[in-house]
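Step one of this worksheet: look at the structure below.
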């Protein structure tokens, strides 16, 4: 006796456009939120490392928003916050804000650890060369800290994409919302949610690959084919410079 | 990918003169570059400098030595305000940067002071994410406001001067400690400082690499650069020191001109010198 219809795996291929559109929405929300979270997180990290009143506020923020689940965050932003400030966010905007609130808190901690890991001699050397403290931070401390932070930021990005799955509650047409819609038509939950899971896993692999590539490029010296291609012109220019200056030596 | 052999290439580059610096450095007898009077520095309750007076004349090579914890590095670091003195007057090129005697006299900004003062650190402190060349072009572009190509050209000449032109595209981790320290010296020199500070520049080096760094410092000294050197290399100190300063417990015990190592009077100084030399 067969209660359920046979698994129709062909459904996935038939509805590939809808599923991939959902994935694209999830990636867009996450990517925008990632950029904002890095910016806000960096500012929070600096505040947390500054003098007491500000550092306390930053610590309070970090500890609150690290503890809030994405589902609660997005409902709060979409239905609650918009009432208070009188602006109705789109589902996309609400998703970006919800993720940024949470992940800026995590990234603040990642950056704080990374900035603390830079030896103080680096800053002193920059200052001793007559550079403005802000310039020392931008050109000396921050690039080195970012290199340390990159792998962890990659993990955060994977987490963000997964957290978009809860945004179905506000009606954002991301992967889970698309899957739910398809399921109400076909009633094939195993097939459709397997497809959804596969998409999330595929994206996790993709993000890992991308961040590894970035890590390699940021090595000193840069490693890998991407880095070779990016730095090729510079290498040739410096090579020519060395030859020219070394030739002028004999004069 | 071209695999370079750093050791072999290093031999090809000779240490050459420091171009452009002879003109920039103040000549002997043109007045004091650094004047410190009554410099005090405390960390909490602990006073590490207890009222130090030191004057560095233009073109003079001052060497400071003494036991660990004597305050010699702290004294050096107050000259470019990496350590803010708690009290006392710090004048560099006639401008007040310390507390001074008259509170109405406007104090110079640390950024301005540091443009006239170069510094070399014990731990080299090259920027590890930048190549040797970029380590030099960064301050040239950001401090001296020299444009890209010209900055690279100047940086290349600075590297040539310390015998490391062939290492221009190398990152610090690809170089030996001695080579890194030579790049650090080139980096500081490329900004045409009026005085160079050396904070135990050979203390972190393998013994066999000390010589190459001292050779470069000797060249810098010969170019007429005003120098203040904190060092444990008393042989080198004796050789280049126009003024030798022995410090202990945050104060200058004794100082003197050339011949100090043979003519010093204080028994503590004599004991220290005989123990080290």
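The values are calculated or read from the model by the stated rules, or taken from the named source; none is laboratory data. Everything quoted here is computed from the prediction, not taken from an experiment. All Cβ positions, even for glycine, are placed from backbone atoms using ideal geometry, and neighbour counts span all protein chains on display.
Determine whether residue A:251 is within 14 Å of chain B (Cβ to nearest Cβ), modelled with pLDDT under 90 and either in a helix (DSSP H, G or I) or closer than 30 Å to residue A:182 by Cα (or both).
Numbers: within 14 Å of chain B (Cβ to nearest Cβ): yes; modelled with pLDDT under 90: yes; either in a helix (DSSP H, G or I) or closer than 30 Å to residue A:182 by Cα (or both): no.
For residue A:251, the condition - within 14 Å of chain B (Cβ to nearest Cβ), modelled with pLDDT under 90 and either in a helix (DSSP H, G or I) or closer than 30 Å to residue A:182 by Cα (or both) - is not met.
Condition test on residue A:31, is it surrounded by fewer than 18 Cβ atoms within 10 Å (Cβ to Cβ), out of contact with any helix residue (DSSP H, G or I) (no Cβ under 7 Å at 6 or more places or on another chain) and closer than 22 Å to residue A:142 by Cβ?
Details: surrounded by fewer than 18 Cβ atoms within 10 Å (Cβ to Cβ): yes; out of contact with any helix residue (DSSP H, G or I) (no Cβ under 7 Å at 6 or more places or on another chain): yes; closer than 22 Å to residue A:142 by Cβ: yes.
Yes; evaluated as a whole, the condition is true for this residue.
Is it true that residue B:120 is in contact with a strand residue (DSSP E or B) (Cβ under 8 Å, 6 or more places away or on another chain), within 22 Å of residue B:201 (Cα to Cα), more than 14 Å from chain A (Cβ to nearest Cβ) and at pLDDT 90 or above?
So residue B:120 fails the test.
If you go through the stretch B:183-190 one residue at a time, do you hit one that is surrounded by fewer than 18 Cβ atoms within 10 Å (Cβ to Cβ), in contact (Cβ under 8 Å) with a residue 24 or more places away in the chain and within 12 Å of another protein chain (Cβ to nearest Cβ)? Walk me through it before giving the result.
Of all residues in the stretch B:183-190, those surrounded by fewer than 18 Cβ atoms within 10 Å (Cβ to Cβ) come to none.
For the stretch B:183-190, residues surrounded by fewer than 18 Cβ atoms within 10 Å (Cβ to Cβ), in contact (Cβ under 8 Å) with a residue 24 or more places away in the chain and within 12 Å of another protein chain (Cβ to nearest Cβ): absent.
Residue-by-condition table, conditions (1) part of a strand (DSSP E or B); (2) on the phi > 0 side of the Ramachandran plot; (3) modelled with pLDDT of 90 or more:
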position	(1), (2), (3)
B:50	yes, no, yes
B:53	yes, no, yes
B:62	yes, no, yes
B:67	no, no, yes
B:78	no, no, yes
B:83	no, no, yes
B:89	yes, no, yes
B:99	no, no, no
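Within the stretch B:123-141, can one find any residue that is touching a residue at least 60 places away in the same chain (Cβ under 8 Å), more than 8 Å from chain A (Cβ to nearest Cβ) and either in contact with a strand residue (DSSP E or B) (Cβ under 6 Å, 6 or more places away or on another chain) or closer than 14 Å to residue A:125 by Cα (or both)?
Taking the stretch B:123-141 first, the residues touching a residue at least 60 places away in the same chain (Cβ under 8 Å) are B:123-124, B:126.
Now restrict to residues that are more than 8 Å from chain A (Cβ to nearest Cβ): B:124.
Still in the list and also either in contact with a strand residue (DSSP E or B) (Cβ under 6 Å, 6 or more places away or on another chain) or closer than 14 Å to residue A:125 by Cα (or both): B:124.
Scanning the stretch B:123-141, I find at least one residue that is touching a residue at least 60 places away in the same chain (Cβ under 8 Å), more than 8 Å from chain A (Cβ to nearest Cβ) and either in contact with a strand residue (DSSP E or B) (Cβ under 6 Å, 6 or more places away or on another chain) or closer than 14 Å to residue A:125 by Cα (or both), so the answer is yes.
Quick check on my filter: what residues within the stretch B:235-251 are touching a helix residue (DSSP H, G or I) at 6+ places or on another chain (Cβ under 9 Å) and over 18 Å from residue B:198 (Cβ atoms)?
Residues satisfying the conditions are B:248, B:250.
Please determine, by comparing only the residues of the stretch B:142-153 that are buried (at least 19 other Cβ atoms within 10 Å of the Cβ) and more than 8 Å from chain A (Cβ to nearest Cβ), which one is farthest from residue B:172 (Cα to Cα).
Only one residue tops the list, namely B:146.
Confirm whether residue B:224 is touching a helix residue (DSSP H, G or I) at 6+ places or on another chain (Cβ under 7 Å) and part of a loop (DSSP other than H, G, I, E, B). Explain how you work it out, then say what you get.
Working: touching a helix residue (DSSP H, G or I) at 6+ places or on another chain (Cβ under 7 Å): yes; part of a loop (DSSP other than H, G, I, E, B): yes.
Against the criterion (touching a helix residue (DSSP H, G or I) at 6+ places or on another chain (Cβ under 7 Å) and part of a loop (DSSP other than H, G, I, E, B)), residue B:224 qualifies.
State the number of residues belonging to the stretch A:44-74 that are within 20 Å of residue A:160 (Cβ to Cβ), part of a helix (DSSP H, G or I) and touching a residue at least 60 places away in the same chain (Cβ under 8 Å). Walk me through it before giving the result.
Filtering the stretch A:44-74 for residues within 20 Å of residue A:160 (Cβ to Cβ) gives A:44-45, A:61-74.
Add one more test, that the residue is part of a helix (DSSP H, G or I), and what stays is A:44-45, A:61-65, A:70-74.
Keeping just the survivors that are touching a residue at least 60 places away in the same chain (Cβ under 8 Å) gives A:44-45, A:70-71, A:74.
Residues flagged as within 20 Å of residue A:160 (Cβ to Cβ), part of a helix (DSSP H, G or I) and touching a residue at least 60 places away in the same chain (Cβ under 8 Å) within the stretch A:44-74 amount to 5.
Testing residue A:206 on (1) away from chain B (no Cβ under 14 Å); (2) under 30 Å from residue B:172 (Cα atoms); (3) surrounded by fewer than 19 Cβ atoms within 10 Å (Cβ to Cβ), one condition comes back false. Which one is that?
Going through (1) away from chain B (no Cβ under 14 Å); (2) under 30 Å from residue B:172 (Cα atoms); (3) surrounded by fewer than 19 Cβ atoms within 10 Å (Cβ to Cβ) one by one, residue A:206 breaks only (2).
For the stretch A:209-235, enumerate the residues that are in a helix (DSSP H, G or I), modelled with pLDDT under 90 and within 12 Å of chain B (Cβ to nearest Cβ). Reasoning before the result, please.
Taking the stretch A:209-235 and keeping what is in a helix (DSSP H, G or I), we get A:209-218, A:224-235.
Retained after the next criterion (residues that are modelled with pLDDT under 90): A:224-235.
Hits for the stretch A:209-235 are A:224, A:225, A:227, A:228, A:231, A:232, A:234, A:235.
Would you mind finding the one in B:8, B:32, B:12 that is at pLDDT below 50 and more than 14 Å from every other protein chain (Cβ to nearest Cβ)? Spell out how you get there, then give the answer.
Details: B:32 fails: at pLDDT below 50; B:12 fails: more than 14 Å from every other protein chain (Cβ to nearest Cβ).
Matching residue, one of B:8, B:32, B:12: B:8.
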